[in-house]
Structures are given as structure tokens and as C-alpha cells.
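The values are calculated or read from the model by the stated rules, or taken from the named source; none is laboratory data. Not measured: the values here are computed from a predicted model. Neighbour counts are summed over all protein chains in view; Cβ atoms, including those assigned to glycine, are modelled from backbone coordinates with ideal geometry. Heavy atoms of the whole protein, side chains included, go into the accessibility calculation; ligands, DNA and RNA do not. Shrake-Rupley method; radii C 1.70, N 1.55, O 1.52, S 1.80 Å.
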Amino acid sequence: MAAPLTAVRAAVRPCGARRAAAAARRAASSQSIFEADPTLAERPQSSVMSPLASVRMGRTEPSVFAEFSELSEKHHSVNLGQGFPDFPMPAFVKEAAIEAIREDYNQYSRPAGHHRLVDVLARRYSPKFDRDIDPFTEIGVVGGATNAIFSALVALVDPDDEVVCVEPYFDAPKIAADLMGATTIGVPLRTDWAETSADWRLDLDELDGALTDRTKLLVLNTPHNPTGKVFSKAELEGIATVVKKYPKLIVLTDEVYEDMVFDGLEHVHIASLPGMFERTISVFSAGKAFSATGWRVGHAIGPEELISPLVRVHQASNFSTPTPLQIATAIAFERGAQEGYFAEFSATLQAKRDKLCRLLRTAGLSPIVPQGGYFLLADTTKVGGVTTEFPLWEAPEDMPLRDRRDFAVCRLLCERAGVTAIPASAFFSLGHRHITDSLARFCFCKEDKTLDEAYKRIVHSGLNATWV
């Protein structure tokens, strides 16, 4: 069944109105943080800024993941909120780590990555990008994809810059931009009616209207978290056409789910398109690739003039990524390619996606079927018993996040059913949070018994009996 998203049927503003809105944003950026985002002022002061913290920290928002992880632990909930597998990493990856430690790869490596790993990565990605990637100047190995994103923002963004994020979005780029004093602008994916994640679309006129001469970075994510959308080549070509209108604009593309694409679809790297490598930083995660999220090994690929400053920031904070895990990652990529691991892993996740979709439908929720990644969004319109100040889709945009309906639904699921999901409005900027007041994010990279237990808890809680 398709998920109704009546709330997103607002018309896209004309180009002139968008330009006016951009001017208003620039004016707002000179205001206090509470004037720019009234929801910040509604938070308990302790959650905004410690008396000893810098003023920059006041620009950041509390993490929705921390809030619901704590709630999940308190209620001993089945955690389908956070994106980590609860099944073991492959045996050959474990063996690679043991092998690396026993061979005494235990000292610092070069900050940009051990030569053995960058050589493997250059061979892996050169065909994908249709160019010869220089392992020593166009690859940076860092402490996970989040570290790569943070390092890129610190290295490239100044306080007067603007960062445009395609939303809903993973919050790491916004947090880093806020800390740098930059202005973050969200351009939302939109849909009137979604059966699959392909139904979410980016309006290129709206994107163009959000960009200005002050825009330093465009942040893109594919396969997309949280919708599961896999941007097609045609869609990426359209984005590239808009990007090329702005000579100084850089694209930061989060592609950590690159090997988790379903239904025979193909993941396309925007940096592989004509004229895009020179202005793109592509970010990847070995932790996601090998179900080892605690390893914190990631890598960024791009032209030397973008990778070099990123690595310098990484060097200042971490110096280098743990050497034995770099060597293990190099071995794992080689063995994984030889043994057909990546296709097998994608098929495994597709089966888990299908299973969770079936279970949620049976439990009374309407999943939007994802094309890739770890996550899906499910429509919660039928959930009753939710106590909020405003009816569904009628809440004011400046309502504090924790008071929105999707937060209330997710708290209800956690407290009464013992199942954790993440409210989707947390992935949007002020002005667009109403788009997903009826949606919650569920993670399916879990063992089948975990997914089965979540289903049983929802049904046995009696919550589904209140759904209309």
C-alpha cells in the first residue's frame, strides 16, 4: 500500500520568491541563533549550551539519536532506530584484522592513509570514476565517514559561507557547518504520494533558487538516508547541470551505502559525470561496507586541492586512522571482491528490507519501499492514541522538534511497544519539518529474529488495536 503524504503537497515557490527567501536567510544569519531558529529557545538551556562551552556550540542541536538511544535503553527496546547491524561482520574481515595486528601493523601511518590501503582504493574506484585516481594525492583515509564530512567542512567552509543540504539529511554536515558559523539551507525532496523511495524527487528549480554566490558546498547523499532513494544517472546529471552554473560551488557527496542497492539498480557516482570530479568530494565508509561500524574507517576521494586540506584537518585532530584497521580494510576489499561479498551482502539486505516491509504492513504501518541503504520510512497516519497539541499536519513549523507528532509516535512505540524508531522531522531544517510529521525511520540491517521480535512487540502491545 502506498504511504499518503498529504502534507507535502505545498506548491514550490516561484523563483523570485526563492531569491527573496535567500536574502531573508542572509539577514537572519546575522541575528542571534534563537531569532534564526525559535525552536532552539524552547529547549532546556542545559541542552543548548554548557556555561563553559563556546558560543559556537549554541548553534548546534541536540542529537535525536542520543535521545532515542537513551529511551531505547531505558525501556529495553528493540532498537530499529540506529543504523548498525546486530549480526556479526564477515569472518574474512575478522581474520584480516587479526592478520594485520599479528604482522605488527601497529604504529602510525601517513595521515592520508597507509600506502597499502590507498593503493587498493585507487584500483577499486578508478574504473567506477572512469579515471586513474592517484592513490597519494586524490584519496584521504580518515576516522569514518562522519570524520570525513566534518574535516571537509572545517577545511573548506568559512563563517560567511552557505551550505545547502538536500534534505532529509544525516545531521553531520549541518553540525559541522553550524560549528563553523556557516548558514545551512535545506532543499527538500518532495512527493505527493510515495510507494517507493523513487517517488521522492528533488525540484531542480528549487535547488537553483537556494544556491547563491555565497554557497560553498552542496551536500548530497545517495543511496539516501533516511528515504532509501537511489538517485538515477539522469537525476544526478540534472543536479550537475545546476551545480556547473556556480563556478565556486563544491559538492560533498555521502555515498556510504554505495554497495547496498536493490532491485537491480545501479549506484552512480556524481563525480564520474563530465566536469564533476574536479569539484566533488566523495565520502565512503568501510564500516558500513563490512558491517563494522565501530571500526571508524572511512575514505574521501576527490581532486588534490580538495583532499589535501581535508587531510590536514584530519591530521590535526586524529593524525592518522588506526593502522591495523587500515590494513584489515585493504585485505577485506581485496578478498570481498574475489569472493563476491558485495553482491551477496546487497542481496541479504534486500531480503531484510522485504521482510521488514511485510511485517510493518501486517502490523498496520505503511512502509515506503527503499531502493538502497539501511533504512526505510513508514507512514504512521493510522496510529491512534497519540497525544499532541495539534492535529496531524496542522502543527506550526516553529514548534519544538520534541513536541511534533512524529516524535510523539516514536516515543509511544518505544515506551508502550518496546520498539525504537527515529522521528523523520529531525532530518529536516526549520521550514520543512512538517513534510514528515506522519513518518518514522526504521532500520532493517538486523538479524531476522530482531525484526520478528519488533513485529511481535508492536502487535502484542495492543497499539495496533487503536489504529484507525
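Got a number for residues in the range 233-263 being among the hydroxyl-bearing types (Ser, Thr, Tyr) and under 18 Å from the mean Cα position of the chain (by Cα)? Of the residues in the range 233-263, 2 are among the hydroxyl-bearing types (Ser, Thr, Tyr) and under 18 Å from the mean Cα position of the chain (by Cα). With respect to the conditions (1) open to solvent by 10 Å² or more (accessible area, probe 1.4 Å); (2) modelled with pLDDT under 90, residue 371 falls short on a single one, namely (2).
Out of the residues in the range 188-200 that are touching a helix residue (DSSP H, G or I) at 6+ places or on another chain (Cβ under 8 Å) and surrounded by 15 or more Cβ atoms within 10 Å (Cβ to Cβ), which is nearest to residue 429 (Cα to Cα)?
From the range 188-200, those touching a helix residue (DSSP H, G or I) at 6+ places or on another chain (Cβ under 8 Å) are 188, 190-193; that's our starting set.
From the residues that got through so far, the ones that are surrounded by 15 or more Cβ atoms within 10 Å (Cβ to Cβ) too are 188, 190-191.
Details: 188: 9, 190: 14, 191: 17 Å.
Result: 188.
In this structure, does residue 201 turn out to be basic (Lys, Arg) and under 25 Å from residue 81 (Cα atoms)? First the steps, then the outcome.
Numbers: basic (Lys, Arg): yes; under 25 Å from residue 81 (Cα atoms): yes.
Spelling it out, residue 201 is indeed basic (Lys, Arg) and under 25 Å from residue 81 (Cα atoms).
Could you list, in sequence order, the residues of the range 354-368 that are of a type in the set (Val, Ile, Thr) and either surrounded by 14 or more Cβ atoms within 10 Å (Cβ to Cβ) or within 25 Å of residue 170 (Cβ to Cβ) (or both)? Passing the criteria: only 368. When residue 132 is tested against (1) closer than 28 Å to residue 296 by Cβ; (2) touching a Ser or Thr at 6+ places or on another chain (Cβ under 9 Å); (3) open to solvent by 10 Å² or more (accessible area, probe 1.4 Å), just one condition goes unmet, and that condition is (1).
Determine whether the range 67-81 contains at least one residue that is open to solvent by less than 80 Å² (accessible area, probe 1.4 Å), among the hydrophobic types (A, V, I, L, M, F, W, C), part of a helix (DSSP H, G or I) and more than 23 Å from residue 290 (Cα to Cα). Talk me through it step by step, then tell me what you get.
Keep residues of the range 67-81 that are open to solvent by less than 80 Å² (accessible area, probe 1.4 Å), which gives 67-69, 71-72, 75, 77-81.
Right, trim to among the hydrophobic types (A, V, I, L, M, F, W, C) and you get 68, 71, 78, 80.
Checking the rest, the ones that are also part of a helix (DSSP H, G or I) come to 68, 71.
Now drop any that are not more than 23 Å from residue 290 (Cα to Cα), which leaves 68, 71.
Taking every residue of the range 67-81 in turn, at least one turns out to be open to solvent by less than 80 Å² (accessible area, probe 1.4 Å), among the hydrophobic types (A, V, I, L, M, F, W, C), part of a helix (DSSP H, G or I) and more than 23 Å from residue 290 (Cα to Cα).
In the set (1) among the charged types (D, E, K, R); (2) at pLDDT 95 or above; (3) assigned to a loop (DSSP other than H, G, I, E, B), residue 128 fails one condition alone, (3). What are the pairs, 6+ residues apart or on separate chains, where a residue within the range 251-270 that is more than 30 Å from residue 157 (Cα to Cα) has its Cβ under 7 Å from a residue that is among the hydrophobic types (A, V, I, L, M, F, W, C)? Short answer, once both residue conditions are applied: 260/349; 261/230; 265/230. Taken together, 351, 337, 343 contain a single residue that is closer than 30 Å to residue 273 by Cα, open to solvent by 30 Å² or more (accessible area, probe 1.4 Å) and either free of Cβ contacts under 8 Å to residues at least 40 places away in the same chain or in contact with a His (Cβ under 7 Å, 6 or more places away or on another chain) (or both), which is 343.
Considering the range 312-334, and only residues there that are β-branched (Val, Ile, Thr) and open to solvent by less than 20 Å² (accessible area, probe 1.4 Å), the residue that is farthest from residue 148 (Cα to Cα) turns out to be 331. For the range 56-66, a residue qualifies if it is in a loop (DSSP other than H, G, I, E, B) and either of a type in the set (D, E, K, R) or open to solvent by less than 50 Å² (accessible area, probe 1.4 Å) (or both), and the qualifying residues are 60, 61, 63. Any residue in the range 346-356 that is more than 22 Å from the chain's Cα centre (by Cα) and not in a helix (DSSP H, G or I)? Checked against the condition, which is being more than 22 Å from the chain's Cα centre (by Cα) and not in a helix (DSSP H, G or I), the range 346-356 yields no hits at all. Scanning the range 396-412 for residues that are open to solvent by less than 10 Å² (accessible area, probe 1.4 Å) and not aromatic (Phe, Trp, Tyr) turns up 404, 406, 409, 410. Entry remark, the range 382-395: residues being open to solvent by 50 Å² or more (accessible area, probe 1.4 Å) and over 25 Å from the mean Cα position of the chain (by Cα) number 7 in total. Going through (1) buried (at least 17 other Cβ atoms within 10 Å of the Cβ); (2) farther than 19 Å from residue 85 by Cβ; (3) at pLDDT 95 or above one by one, residue 379 falls short only on (3).
Yes/no matrix, rows are residues, columns are (1) within 30 Å of residue 354 (Cβ to Cβ); (2) basic (Lys, Arg); (3) touching a His at 6+ places or on another chain (Cβ under 9 Å); (4) without any contact (Cβ under 8 Å) to a residue 40 or more places away in the chain:
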residue: 168; (1), (2), (3), (4): yes, no, yes, no
residue: 189; (1), (2), (3), (4): yes, no, yes, no
residue: 197; (1), (2), (3), (4): yes, no, yes, no
residue: 201; (1), (2), (3), (4): yes, yes, no, yes
residue: 204; (1), (2), (3), (4): no, no, no, yes
residue: 207; (1), (2), (3), (4): no, no, no, no
residue: 220; (1), (2), (3), (4): yes, no, no, no
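A Cβ distance below 8 Å, combined with a sequence gap of six or more or placement on separate chains, defines the contacts here; from the range 371-397, residues that are within 30 Å of residue 348 (Cα to Cα) reach residues that are in a strand (DSSP E or B) and of a type in the set (Val, Ile, Thr) in the pairs 371/196; 371/261; 372/261; 376/368; 376/369; 377/368; 378/368; 379/368. Suppose the filter is of a type in the set (Ser, Thr, Tyr), surrounded by 20 or more Cβ atoms within 10 Å (Cβ to Cβ) and out of contact with any Pro (no Cβ under 9 Å at 6 or more places or on another chain); does residue 184 pass it? Here the answer is no, as residue 184 does not meet what is asked.
Restrict the check to the range 236-247 and report whether at least one residue is open to solvent by 20 Å² or more (accessible area, probe 1.4 Å), among the acidic types (Asp, Glu) and under 23 Å from residue 431 (Cβ atoms).
Of the residues in the range 236-247, the ones open to solvent by 20 Å² or more (accessible area, probe 1.4 Å) are 237, 241, 244-247.
Within this subset, residues satisfying the condition of being among the acidic types (Asp, Glu) are 237.
Checking the rest, the ones that are also under 23 Å from residue 431 (Cβ atoms) come to none.
No, that holds for no residue.
Restricted to the range 439-468, and to residues there that are modelled with pLDDT of 90 or more and in a loop (DSSP other than H, G, I, E, B), the residue that is most open to solvent (accessible area, probe 1.4 Å) is 447. Take the conditions (1) open to solvent by less than 20 Å² (accessible area, probe 1.4 Å); (2) over 30 Å from residue 107 (Cα atoms); residue 281 misses just one of them, which is (2).
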